[in-house]
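I am attaching a structure below and will ask some questions about it afterwards.
The values are calculated or read from the model by the stated rules, or taken from the named source; none is laboratory data. Predicted model only: the values in this text are computed from it and were never measured. Cβ sites come from the backbone with ideal geometry, for glycine too, and all protein chains shown count toward neighbours. With ligands, DNA and RNA removed, areas are computed over all heavy atoms of the protein, side chains included. Shrake-Rupley method; radii C 1.70, N 1.55, O 1.52, S 1.80 Å.
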Amino acid sequence: MLTPLSWLQKYVDITVSPENLAHLLTMVGLEVESIERFGENFNSDQIVVGEILEINQHPNADRLLLPKVKIGSTETVNVVCGATNLSPGIKIVFAKPGATLFNQKSGKFQKLKASAIRGISSPGMICSELELGIGQNHENILILDKSLEPGSSLQDTFSDTILDLSITPNRPDCLSIIGVAREVAAITNKKLSGPEISYKENSSVSTSSPVEIHIESLDLCKRYCGAVVENITVGPSPTWLKAALAKMGHRSINNIVDVTNYVMYETGQPLHAFDLNKIQDSKIKIRPAKNKEKLLTLDNESIELNPSMLVIADSKNPVALAGIIGGLNSSVSQNTTRILLESANFNPTSIRKTASSLKLRTDASYRFERNPNEALASKALKRAIHLIQKTSSQKVSCGKIIDAPETQLDSMSLQLHGSAIEKLLGVKISQKEALSVLHKLGFQSNAQTQTGPSNDWAAKISIPDWRSDIKIQEDLIEEIARILGYDQFPTSNISSSIPEYLPNMPLHLREQVRDACAEFGMQEVITYSLKNESLLSSVSSDDPQNFVNIANPLNSETKTLRTNLMVGILETLSSNQNFLKEGPVKIFEIGRTFVNKPGSLPIQNEMAVGLISGNTFSEGWTNANNRKLDFYDIKGILENILSKLKLEAKYIPSKDALLVKGQSADILIGETKLGKIGKISNHILSSFEVDEANTFLFELNLNTIYSKFKNKITFRPFATFPTSERDLTVLADTSIPSEKIESIILESKLVTKCLPVDIYKQDHGNQKKSITYKIVFQSPSKTLTSNEVANEIEKILFKLKKTLNIDFREK
Amino acid sequence: MEATNETEKIISEQLSSLNKIDTTESLEEWRVNTLGRQGVITSILKSISSLPVEERKAAGSAANQGKTRLQDAFGIKQKQLLANASSNSSDSIDVSLPGRPATRGKLHIVTQTIREISSVFVSLGFQIQEGPEVEWGKYNFDMLNIPQDHPARDMWDTLWVEKNHDDSEPLLLRTHTSPMQARIMESSTPPIRVIIPGKCYRYEATDATHEWQLTQIEGLAVDSDISFADLKGTLYEFAKRIFGQDRQVRFRCDYFPFVEPGVDMSIDCFKCSGKGCSICSHTGWIEILGAGMVHPNVFKGVNYDPEKYKGFAFGMGVERIAMLKYEIDDIRNFYTNDLRFLSQF
Ligand SMILES: [Zn+2]
C-alpha cells in the first residue's frame, strides 16, 4: 500500500520524520518496506508552470512545433516540441535548462541542457509525465489546471515522500489512506479527521433517471449502494487529482474514473462508474453469471463466465464482473453525460474464487477478498459524489443514494478481562491503560464492576465497524500489546515443567549414519526432492503409476517427487565433474523418498545414498600410488558406517539393472534387504552425462535400519591367553564367495579372527582362485600349543574340503 | 673381580662406539643394542645372578654405575645430534609442504545450521520431532486457522499433489513446518515443548532470495502457564546464542493466522550496526523469525481448552539464518551443491 505523506497529512498531523514514522508503523504491524521520494525534481526553480501563448511550426521540420511559452509574469521563451496535444491557452510543465528529467534513451535521470533542434535553439522543454518521472505517458505532454500561475512552482503538488507499506491480510482497513492515518493518530497521540463527504442532492434525478436495483443473492452481495449523477462533462482531471493518482502509480483516465480510484485509495472501498445510457432499461441486477455468458472487460479482454461468478447485469447482459472489473461497453467515455456510481460489498470468498479462476487480480478484487467493512459502502459513495461535484461544473446533479438492502448494521462487542491479559502476556495491565489504548484506536468501552476474583477487572468493548478482524478477546489483547509496544513487555524463562522425554530413535540413528558418512570421507549434499519424471523413471524400480506428481509444477524438471536418491546424487556428480581432476568425488545424501499410497499420505521413507567416483589420486606433491577406485573402496565405507551402528550385513550378488552385473550386491540384514551397492552401469552414467566410468554407490533404506537396530550391547569378557597366528592358503572355485570360506573357518571355537590377506586368480581356464587367510587362534582357557593349533587347522581343512571342495595349497 | 673388569671393558667399548655415532638412526640403533630391553646392559645385569654371592654386590654396582654413565653419555649425544640436525639437510624435511590429504567429508551447511539451532532449543528443554513432507491440506491450512479461500493463503503459494480421484482429500507439499503443531497437539497432552526441523516447498520462482525448496524449524511450547513473556525470553536467548551476545533483539507486531498476538523477531544489523545497508534493506534490522501465541482456534481444533492452555509457536528459515551468519548472498547455492560452495563450511 503506497502512502504519500501529503495525503496522510490531510487527516492526521504528522510531526515525526518519515524515517521515524516508518519505524513506528513497522513496530505496530504495518511494515514499511521502503521510503520513496517522489517528484524530487520539482523541488527546484527549473521546473515551473508554463502557459502556451501561441503555436508556430518549426521551420525545418514538419513534425515539430515551436510554441511560445510564458514562464513568468513577463518572461516568455520559444521551445521546440513534438507533442500533438498542444493548444494555445493550456498550462503545461516547463523545464528550464538544468532541470532533472528522465531521459528515455538513457533510461536515467539527467540534467537538461539547452540545445538546438534542427537548427532552432530550444532553451528548455515542455514535459510529459515520463520525462518528469511521475508516470508512463510519453506521447502527450502533461496538461495542468488553467488556474495555475505561469512561473509558479509545482513542488507542493508533485513532490512527496511515499511510504510503501506491506499490509497483512487481516487488515483490510489499512488498504486505505484513512486506515493508515488512523493508526498514525493512535501511535502518535494525534487527532484523526475525516474526509469531506457533504454533497447536494437533487430529488428530480429520481424521476429523470430512475434506476432499479435488484440483488438476487444476499449471500454474495451484502450491500449495494448506488447513486445517479447527471449533467456531467467527462474530461481531464484536475492537476491535484492527476498528481495524487500518479503517486499511487495509477494512470489518470478521466475526471470521473479518477475520482472512483482516488476514493478507493483513500477509503479502501472500491467503486465503479457505469455510463447510465448504456445500462439497458436502467435496471441493475446482481446475479450469478449464466453459463458461457461473455463479458468484454475494461482491459478489452473477452472473458467467458460461469454460474459460480457474480456479475452486475442490466436487463440483458452483464455490465461488470462484480467487485473485480467493469465492462468496456458500459464504461465512462468522452460522451457520457450521466452515470451510475456503484459502491457495494461483495462476498470475499466468491470474489477470490472468481478472481483466481480467471487469473484477474485487480485493486478492487484485492480489497474485496479481504472483507472490507460493510459500512464503508455508503460513506465512500458520498465521498465520491462530493469530489465529482467539487471538480466538475455546477450543473452536475446527484440523486438520492439507493441503498439495497436497507439494513441496520449491528455493532459487535467483546468482553475484556484484566486476568486474561495477564495470563496471555505475563504482565498485569491496568484497566485505565488498556482502555486508553483501545479508545485511541476507535474502540468504545463500558467498564464493568467485577464479580469474580477480587483484583480482576472487566469491560465491554464495542468494535468499530472498520475492524472486522477483531473477533475474540485475544485480538483485543494484541491491539493493546502492539500499541504499547512489544518491546515494553517483560521477558521470562519458561517456568512450566519439562515435558516427559520421548526418545526419537529414527532421528538418532539417521544422524549417526550422517555423521558416519562424513567421517568416512564423503561430503554431504542436499538436492531437490522434485525431479523430472522420465529421468526419475530411468533410475527407479518403482512403477511410474506409484509416483507422486505435482498438479501445478513449476516446470517439467520439478514435476515428480523422488522415489530414490539416485537422480540427485548423479546430477550432483555430473555438475561437479571438473573436480575429478583434483581427486575423487565422494558425496552422500540423506533424505525422504515418496511412493504413492491411495487413500493415505504417500509412503515417505528415508534413504541414504553414497557415491564415489574417480581414482585415489589426489592433487599435490604427496601423491604416490594412483589407482582407480573400486568396489572395495565403497564397500569399505559402507562397512564402517554399518559397524558404527553395530549392524552386520551380508552381500549377495545383485541383479539390479542400474548396476554392473558381477560388481554389485544386495545388502541384507538377516533376510531383509537393506539396500544395494555396486558399480553404476554405463548407460545410467551416460544419461547423466557422467564421463567417469569408475563410479560406485550404495543406497540404504534407513527405515530398515530403524527396524533392525538393536540398542542393547552386552559386554563380553575377552580372553587373555596368548594368540597364535597362521597363514592358510586355499584353492577354491572362483564362484565360491570368500565369505562362505571365512564362515566355515570361523566355526572353529579356537579361531577368533579370519581375514583374507591375499587373493590370486589362477589361470583362467582353471576357474580357480587362491586365497590366503590370516587366522588368529586363541583359547579362552589356556595357552595353545603348536600341536593344538596344527590339529585345529587340520580340522578346518577337512571341513573346507568336505563342504566346499576346497584344497589346501602349499606355499 | 673378573666380572667387574669385564663390565668395565664392555662399558668403555660402548662409550667409544657412541662417540663415533653421527646420525639419529645409528644413535637409535645403539640405544636399542646397549640400553634396550635385550641390550648388553640388560644381559650384564641378568648374568649377575649366576655369579658367586660374594661377587654379586660389586658386580651389580659396577653394572649400575656403567649404565648411568652410558645413559648420561647417550643424553649428551642425543642433544648434540638434535642441535646438528637443524643444519644437517639429510635429516630435515620441509615442514611448509602441505600434508598428505586425509579423506574427510563435511556435513551440508543446512545440516550444520539445523544442528546448531536445535542444540540451543534442546538445552532449553525442547525435544526434536519431525513430520511428513507431503501433507494433508487440512493440517497445512485448515487446522492452523487458515480456511479455504482465505486471502491469508496467499502467504503460502502451494505445490499441490495430483489427485488420484476427484473426491480425494487435497494433498500438498507442506509449505511450512507448522502442520506439526496440530499433529503434535492432537496426539499428546501438555506440557509440550518441541522443535520440528524439516523441508518445506513453495510454488515460487527462484531468485537470489527465494527458493521453492527450503528448510524450516518450527517450535511449540504449550502449558497452562506459558505466556508472551516466555515467548520473548526463549527467543531472545536463541538469538543471542546464535548471533552473539551483543545483538540487539526487537519484537514487533506481525500477522500469522495461527497465532494471536503475532510477532516478528529481528536482530540489529551486524553489518552496519543499525545505520542501514543492503543486508537490512536500510532499516538497521534483520527479520529472523515469525512467532506468536497459539491462536485459540488452533487449540479448539485439537480439542484443547483455550481458556486452560496457552502456548507460543515460532518458525524460522534455516537457509536465511545460514545466509546471515555466513554472509551467503544467493539462496540458490544451497541446493545446487557446487562442491566449491559446500566445502567452505
Ligand atoms: Zn544493515
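Going by the conditions given, is B:Ala221 within 11 Å of chain A (Cβ to nearest Cβ) and free of Cβ contacts under 8 Å to residues at least 24 places away in the same chain?
Criteria not met by B:Ala221.
Output yes when any residue across the range A:53-70 is in contact with a helix residue (DSSP H, G or I) (Cβ under 9 Å, 6 or more places away or on another chain) and either over 30 Å from A:Val437 (Cα atoms) or open to solvent by less than 40 Å² (accessible area, probe 1.4 Å) (or both), and no when none is.
Looking through the range A:53-70, none of the residues is in contact with a helix residue (DSSP H, G or I) (Cβ under 9 Å, 6 or more places away or on another chain) and either over 30 Å from A:Val437 (Cα atoms) or open to solvent by less than 40 Å² (accessible area, probe 1.4 Å) (or both).
What pairs come out if I take residues in the range A:663-686 that are under 13 Å from A:Leu611 (Cα atoms) and pair them with residues that are of a type in the set (Phe, Trp, Tyr) and modelled with pLDDT of 90 or more whose C-beta lies under 6 Å away, six or more apart or interchain?
Going by the 6 Å Cβ cut-off, the qualifying pairs are A:Ile677/A:Phe698; A:Lys679/A:Phe696.
Being crowded, with 19+ Cβ neighbours inside 10 Å, in a loop (DSSP other than H, G, I, E, B) and over 29 Å from the mean Cα position of the chain (by Cα) is the filter here, so list the residues in the range B:169-190 that pass it.
Correct list: B:Pro190 only.
Related question: State all residues of the range B:234-258 that are within 15 Å of the ligand (Cβ to nearest atom) and either touching a residue at least 60 places away in the same chain (Cβ under 8 Å) or under 19 Å from A:Ile35 (Cβ atoms) (or both); if no residue qualifies, say none.
B:Phe243, B:Arg250
Output the residues belonging to the range A:568-592 that are without any contact (Cβ under 8 Å) to a residue 40 or more places away in the chain, within 34 Å of the chain's Cα centre (by Cα) and in a helix (DSSP H, G or I).
Across the range A:568-592, the qualifying residue is only A:Ser575.
Read through the list (1) closer than 22 Å to A:Asn615 by Cα; (2) out of contact with any Ser or Thr (no Cβ under 8 Å at 6 or more places or on another chain); (3) facing chain B (nearest Cβ under 10 Å), then give the number of the only condition that A:Glu571 fails.
Condition not satisfied by A:Glu571: (2).
With respect to A:Glu478, is the statement that it is at the interface with chain B (Cβ under 9 Å from one of its Cβ atoms) and over 26 Å from B:Phe312 (Cβ atoms) true?
Against the criterion (at the interface with chain B (Cβ under 9 Å from one of its Cβ atoms) and over 26 Å from B:Phe312 (Cβ atoms)), A:Glu478 does not qualify.
Here is a further query. Return the residue satisfying two criteria in turn: it lies in the range B:123-144 and is open to solvent by 40 Å² or more (accessible area, probe 1.4 Å) and more than 11 Å from chain A (Cβ to nearest Cβ), and of such residues it is farthest from A:Met505 (Cα to Cα).
The selected residue is B:Asp142.
Any idea which of A:Glu301, A:Glu266 is out of contact with any strand residue (DSSP E or B) (no Cβ under 6 Å at 6 or more places or on another chain) and free of Cβ contacts under 8 Å to residues at least 60 places away in the same chain?
A:Glu301
Please work out if B:Glu29 is in a helix (DSSP H, G or I) and in contact (Cβ under 8 Å) with a residue 24 or more places away in the chain.
Spelling it out, it is not the case that B:Glu29 is in a helix (DSSP H, G or I) and in contact (Cβ under 8 Å) with a residue 24 or more places away in the chain.
Return the only residue of B:Ser278, B:Ser273 being small (Gly, Ala, Ser), within 13 Å of chain A (Cβ to nearest Cβ) and surrounded by fewer than 21 Cβ atoms within 10 Å (Cβ to Cβ).
B:Ser278
Restrict the check to the range B:290-312 and report whether at least one residue is within 21 Å of A:Leu30 (Cα to Cα), within 16 Å of the ligand (Cβ to nearest atom) and in the same structural domain as B:Ile195 (by TED's automatic domain parsing).
No, because not a single residue in the range B:290-312 is within 21 Å of A:Leu30 (Cα to Cα), within 16 Å of the ligand (Cβ to nearest atom) and in the same structural domain as B:Ile195 (by TED's automatic domain parsing).
Among the listed residues A:Lys432, A:Lys390, which satisfies the condition of being closer than 30 Å to A:Thr207 by Cβ, open to solvent by 50 Å² or more (accessible area, probe 1.4 Å), at pLDDT below 95 and outside any loop (DSSP other than H, G, I, E, B)?
That would be A:Lys390, the only listed residue that is closer than 30 Å to A:Thr207 by Cβ, open to solvent by 50 Å² or more (accessible area, probe 1.4 Å), at pLDDT below 95 and outside any loop (DSSP other than H, G, I, E, B).
Can I ask one more? Which ones in the range B:271-283 are under 15 Å from B:Asp246 (Cα atoms) and near the ligand (Cβ under 6 Å from one of its atoms)?
Of everything in the range B:271-283, those that are under 15 Å from B:Asp246 (Cα atoms) and near the ligand (Cβ under 6 Å from one of its atoms) turn out to be B:Lys271, B:Cys272.
Scanning the range B:259-270 for residues that are more than 12 Å from every other protein chain (Cβ to nearest Cβ) and of a type in the set (A, V, I, L, M, F, W, C), which turns out farthest from the ligand (Cβ to nearest atom)?
Taking the range B:259-270 first, the residues more than 12 Å from every other protein chain (Cβ to nearest Cβ) are B:267-270.
Still in the running and of a type in the set (A, V, I, L, M, F, W, C): B:267, B:269-270.
Values: B:Ile267: 11, B:Cys269: 3, B:Phe270: 8 Å.
Residue satisfying both the conditions and the ranking: B:Ile267.
Tally time: how many residues in the range A:163-202 are more than 14 Å from chain B (Cβ to nearest Cβ) and crowded, with 16+ Cβ neighbours inside 10 Å?
The qualifying residues number 16.
Please tell me if A:Glu304 is buried (at least 24 other Cβ atoms within 10 Å of the Cβ) and on the phi < 0 side of the Ramachandran plot.
Against the criterion (buried (at least 24 other Cβ atoms within 10 Å of the Cβ) and on the phi < 0 side of the Ramachandran plot), A:Glu304 does not qualify.
Hey, does the range A:690-699 have a residue that's open to solvent by 80 Å² or more (accessible area, probe 1.4 Å), in the same structural domain as A:Arg627 (by TED's automatic domain parsing), touching a residue at least 60 places away in the same chain (Cβ under 8 Å) and under 60 Å from the mean Cα position of the chain (by Cα)?
yes
A further question on this structure: Out of A:Tyr773, A:Tyr760, report the one residue that is more than 30 Å from A:Lys673 (Cβ to Cβ) and not assigned by TED's automatic domain parsing to the domain that holds A:Leu668.
Result: A:Tyr760 is the single residue among A:Tyr773, A:Tyr760 that is more than 30 Å from A:Lys673 (Cβ to Cβ) and not assigned by TED's automatic domain parsing to the domain that holds A:Leu668.
What's the total number of residues in the range A:25-81 that are assigned to a strand (DSSP E or B) and not β-branched (Val, Ile, Thr)?
The number of residues fulfilling the criteria is 19.
Let me ask something else. Yes or no: B:Phe74 modelled with pLDDT of 85 or more, within 14 Å of chain A (Cβ to nearest Cβ) and in a helix (DSSP H, G or I)?
So B:Phe74 does not fit the description; no.
Please determine, by comparing only the residues of the range A:501-510 that are assigned to a helix (DSSP H, G or I) and in contact with a strand residue (DSSP E or B) (Cβ under 9 Å, 6 or more places away or on another chain), which one is most open to solvent (accessible area, probe 1.4 Å).
Ranking the qualifying residues of the range A:501-510, first place goes to A:Pro506.
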